[in-house]
Amino acid sequence: MLKVLRRGFYARRSALVAGELLGKIIVREFPGKKITARIVETEAYLGKNDPASHAAGKLTKRNSVMFGVPGHAYVYFCYGCHFMFNTVTEKKGKAGAVLIRAVESDGRVPRANGPGKLAKYLRIGRAFNEHDLASGKKLYIADDGYAPGKTGRSGRIGISGAREKLLRFFIKGSPHVSKYR
DNA sequence: TTACCGATCGCA
DNA sequence: GCGATCGGTAAA
């Protein structure tokens, strides 16, 4: 049973949403085809007071999505060749996002560990920036009632500042979780 | 308009 | 350990 996550799910604290996204399903619909992948690793990004966040400074064109409607996608192109897939959290007007770092697919697909590979695997590009994940179309996140096993948290990965904040969440024992740390 | 740099990955 | 590669942002 698949239930699309409603906007209310996203309109809460980033860290809380990040933790609860573990075990949820990302659904990517193509014409006549559908890919699903279970989320096994996330990271929360806040607004101010979080130097690692794009929304740490002032409101700009790029990060305005993070201040906008919760449940929208925030897709960022980085290092010239990688897209990263985030979901906007917190209420409208307050910045926040959750980066999906790794998913575990239905078994037979090669691992999609790491934000760049994940986006490539799901064919998520710039066009999905601001896509409404609560719409239940093309790209969305759903709950199938699965309860993840043990989860852990740690410092975030690949960033320069605020490493000490324990805002990375992952499912323990998943072979798809990033190997760092 | 230009210069710089980043929430990465793959290969040496 | 380092280069590839490109859009956003700030500075001029």
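Before moving on, here are some points about what is shown:
- Within this structure, A:T42 passes the test of being crowded, with 18+ Cβ neighbours inside 10 Å, touching a residue at least 24 places away in the same chain (Cβ under 8 Å), out of contact with any Cys (no Cβ under 8 Å at 6 or more places or on another chain) and polar (S, T, N, Q).
- Number of the exception - A:A134 against (1) at pLDDT 95 or above; (2) open to solvent by less than 20 Å² (accessible area, probe 1.4 Å); (3) assigned to a loop (DSSP other than H, G, I, E, B): (2)
- Of the helices (runs of 4 or more DSSP H) lying entirely inside the stretch A:1-116, those containing at least 1 residues that are more than 24 Å from A:S135 (Cβ to Cβ) span A:14-21.
- Residue within the stretch A:72-88 that is open to solvent by 50 Å² or more (accessible area, probe 1.4 Å) and closer than 23 Å to A:R13 by Cβ present: yes
- Close pairs (7 angstrom Cβ cut-off, 6 or more residues apart or separate chains): more than 13 Å from DNA strand C (Cβ to nearest atom) in the stretch A:67-83, of a type in the set (A, V, I, L, M, F, W, C) and assigned to a strand (DSSP E or B) anywhere: A:G68/A:V88; A:V69/A:V88; A:P70/A:V88; A:G71/A:V88; A:H72/A:V88; A:A73/A:F85; A:A73/A:L139
- The one condition from (1) surrounded by 16 or more Cβ atoms within 10 Å (Cβ to Cβ); (2) touching a Lys or Arg at 6+ places or on another chain (Cβ under 9 Å); (3) at pLDDT 85 or above; (4) within 25 Å of A:C81 (Cα to Cα) that A:G114 does not meet is (3).
The values are calculated or read from the model by the stated rules, or taken from the named source; none is laboratory data. Since the structure is predicted, the reported quantities are computational estimates derived from the model, not experimental observations. In this analysis, Cβ positions are derived from the backbone assuming ideal geometry, glycine residues included, and neighbour counts consider all displayed protein chains. When the accessible area is computed, the model is the full protein with side chains, heavy atoms only, and any ligands, DNA or RNA have been set aside. Shrake-Rupley method; radii C 1.70, N 1.55, O 1.52, S 1.80 Å.
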